[in-house]
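S.K.: Below you will find the structure I want to go over with you.
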Amino acid sequence: MATNRTFTMIKPDAVQENHIGGILHMMEEGGFRIVELQKLLLTPERAGQFYAVHAERPFYNDLVKYMSSGPIVAAVLEKDNAVADFRTLIGATNPAQAAEGTIRKKYAKSIEANAVHGSDSDENAQIEADFFFGSK
Ligand code: UDP
Ligand code: MG
């Protein structure tokens, strides 16, 4: 995957509250092209694998439960400078600190149920996209 791609998920709270359309709209309005898109339910095992990097963190068990509590939407997005620009578009992890105009400011409910995931590096974007969509 080239450096102009990133990986995202719309998390269970946002799917449950009918915000798939609103969030995808903000992504497209932000200049991102949707390359891959799939709605699916993660098992606790798969959610645990996805967040394995956080396995030692105190929030890990709750995070795995939350991420497997309902369907998510996984997507690969394309734009110049995708990883950094998408982190700007989603805003801070904690919605209380997310800037105005960001997806998390608008849709996140808490630091855990924060509406969306965004990859933090080109390397992880590739790994995360492959986790859901396989090598392309
Ligand atoms: N998270 C949490 N409590 C925390 C920090 C993070 O529940 O104190 C959850 C939250 O859903 C977050 C995810 O774990 O999006 C991954 O954490 P990370 O620090 O990678 O934040 P992100 O990259 O998603 O902004
Ligand atoms: Mg992260």
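The values are calculated or read from the model by the stated rules, or taken from the named source; none is laboratory data. Bear in mind that the values here come from a model prediction, so they are computed numbers and not experimental data. For neighbour counting, all protein chains shown are included, and Cβ atoms are generated from backbone atoms with ideal geometry for every residue, glycine included. All accessible areas refer to the heavy atoms of the entire protein, side chains included, with ligands and DNA or RNA removed. Shrake-Rupley method; radii C 1.70, N 1.55, O 1.52, S 1.80 Å.
S.K.: On the phi > 0 side of the Ramachandran plot and more than 16 Å from ligand 1 (Cβ to nearest atom) - does that describe any residue in the range 92-112?
M.R.: For the range 92-112, residues on the phi > 0 side of the Ramachandran plot and more than 16 Å from ligand 1 (Cβ to nearest atom): present.
S.K.: Condition (residue is among the polar types (S, T, N, Q), under 13 Å from the mean Cα position of the chain (by Cα) and within 16 Å of ligand 2 (Cβ to nearest atom)) applied to the range 7-21: is it met by at least one residue?
M.R.: Yes; the residues of the range 7-21 include at least one that is among the polar types (S, T, N, Q), under 13 Å from the mean Cα position of the chain (by Cα) and within 16 Å of ligand 2 (Cβ to nearest atom).
S.K.: Another question, then. Restricting the search to the range 49-71, which residues are away from ligand 2 (no atom under 15 Å from the Cβ) and either open to solvent by less than 20 Å² (accessible area, probe 1.4 Å) or among the hydroxyl-bearing types (Ser, Thr, Tyr) (or both)?
M.R.: Ser68, Ser69, Gly70
S.K.: Between a residue in the range 104-121 that is farther than 14 Å from Gly30 by Cβ and among the β-branched types (Val, Ile, Thr) and any residue that is within 15 Å of ligand 2 (Cβ to nearest atom) and open to solvent by less than 30 Å² (accessible area, probe 1.4 Å), which pairs come within a Cβ distance under 9 Å, given they are 6 or more apart or on different chains?
M.R.: Qualifying pairs under 9 Å: Ile111/Pro95.
S.K.: Separate question: Please give the number of the condition Asp120 fails out of (1) touching a Leu at 6+ places or on another chain (Cβ under 9 Å); (2) part of a loop (DSSP other than H, G, I, E, B).
M.R.: (1)
S.K.: Select from the range 77-103 the residues that are assigned to a loop (DSSP other than H, G, I, E, B) and touching a residue at least 60 places away in the same chain (Cβ under 8 Å) and write down the one among them that is farthest from ligand 2 (Cβ to nearest atom).
M.R.: For the range 77-103, the residue satisfying everything is Asp80.
S.K.: Residue under question is Val73, and the condition is that it be in contact with a helix residue (DSSP H, G or I) (Cβ under 6 Å, 6 or more places away or on another chain), β-branched (Val, Ile, Thr) and on the phi < 0 side of the Ramachandran plot; does it hold?
M.R.: Here the answer is yes, as Val73 does meet what is asked.
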